Amino acid sequence: MLSDFISLFFPKYCMACNNSLVKGEKMICLRCDYELPKTSNHLDTNDYIAAKFYGKVQLEHALAYYKFSKSGRVQRILHRLKYHNKPELGRFIGQKYAAELLNSGIQTCYDLIVPVPLHKAKLKSRGYNQSTEFALGLGEVLNIPVSGHAMRRTVSTATQTRKSRMERWHNVDNIFEVPMPNEIFEKRVLLVDDVITTGATIESCAQVLLDSGCQKVGVAAIAAAK
Ligand SMILES: [Zn+2]
């Protein structure tokens with residue numbers, strides 16, 4: 001009875017490879033856990049993710065748990081998290097990643113974790129913000145508070161996808177705002193997103209945070225593309 005109840009929340013197949021989970025495995029099987037490509041870039045300050053932001057915005061860290069590649073297991077995880085009503089997967093990955101980050105002392109570098117916001121229409125249709133779920137998992141283990149309302153997205157991405165890549169790049173300017181700057185004033189903020197691709201979204205969010213009075217901003221994502 002109890003295990004039936006638990007399996008409602010933790011389905012018994014791997015979120016990355018679809019194989020059945022065995023006893024003791026949760027969400028991601030041991031094989032995937034071992035084989036999924038981790039960046040481990042909290043141990044390497046001069047890496048490909050940080051390079052996306054050089055000369056654009058000053059970031060304290062630019063961290064990602066996994067290396068993103070199209071049609072791989074990492075993409076399957078992100079897809080499940082976003083489109084298959086699996087908020088608990090985001091929370092789980094946040095906890096796992098934070099357990100690794102603890103060793104490098106990240107928890108002493110930040111006062112507040114802020115997820116990249118969804119537009120309110122998207123939040124309503126999805127029911128949760130996948131980045132907030134990831135943030136909550138991180139915050140729980142790093143012992144840093146999470147604020148899901150510190151930033152607001154004022155323009156929906158649906159209107160953005162109709163635009164060209166170049167237009168989109170410029171278009172992320174002015175779509176985020178900080179409704180109550182007091183909440184982030186002088187704080188060291190860890191901005192959190194599900195995936196970093198071009199880095200344009202993060203750049204825009206981080207700049208808005210810095211312009212609104214943050215002391216410094218770092219970034220952590222579930223995955224980052226090359
Ligand atoms: Zn697996």
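Is it the case that residue 92 is in contact with a Gly (Cβ under 9 Å, 6 or more places away or on another chain), within 16 Å of the ligand (Cβ to nearest atom) and open to solvent by less than 40 Å² (accessible area, probe 1.4 Å)? It is true that residue 92 is in contact with a Gly (Cβ under 9 Å, 6 or more places away or on another chain), within 16 Å of the ligand (Cβ to nearest atom) and open to solvent by less than 40 Å² (accessible area, probe 1.4 Å). Residue count for region 35-73, restricted to those that are more than 16 Å from the ligand (Cβ to nearest atom), open to solvent by less than 90 Å² (accessible area, probe 1.4 Å) and assigned to a helix (DSSP H, G or I): 6.
What is the residue count in region 143-179 for residues that are within 18 Å of the chain's Cα centre (by Cα) and at pLDDT below 75? Residues that pass the stated criteria total 2. Go through 89, 123 for me and flag whichever is in contact (Cβ under 8 Å) with a residue 12 or more places away in the chain and out of contact with any Ser or Thr (no Cβ under 8 Å at 6 or more places or on another chain). One residue alone meets the criteria, 89. Pairs are defined by a Cβ separation below 6 Å, a sequence spacing of at least 6 or placement on different chains, a first member in region 198-215 that is within 18 Å of residue 187 (Cα to Cα), and a second member that is open to solvent by 20 Å² or more (accessible area, probe 1.4 Å) and among the small types (Gly, Ala, Ser); no pair meets this definition.
Selection within region 22-34: residues that are open to solvent by less than 30 Å² (accessible area, probe 1.4 Å) and either in contact (Cβ under 8 Å) with a residue 40 or more places away in the chain or more than 16 Å from residue 80 (Cα to Cα) (or both). The member of this set that is nearest to the ligand (Cβ to nearest atom) is 32.
The values are calculated or read from the model by the stated rules, or taken from the named source; none is laboratory data. No experiment lies behind these values; they were computed from the predicted model shown. Cβ coordinates were reconstructed from backbone atoms using ideal geometry, including for glycine residues, and neighbour counts include every protein chain displayed. Surface areas here come from the heavy atoms of the whole protein model, side chains and all, with no ligands, DNA or RNA. Shrake-Rupley method; radii C 1.70, N 1.55, O 1.52, S 1.80 Å.
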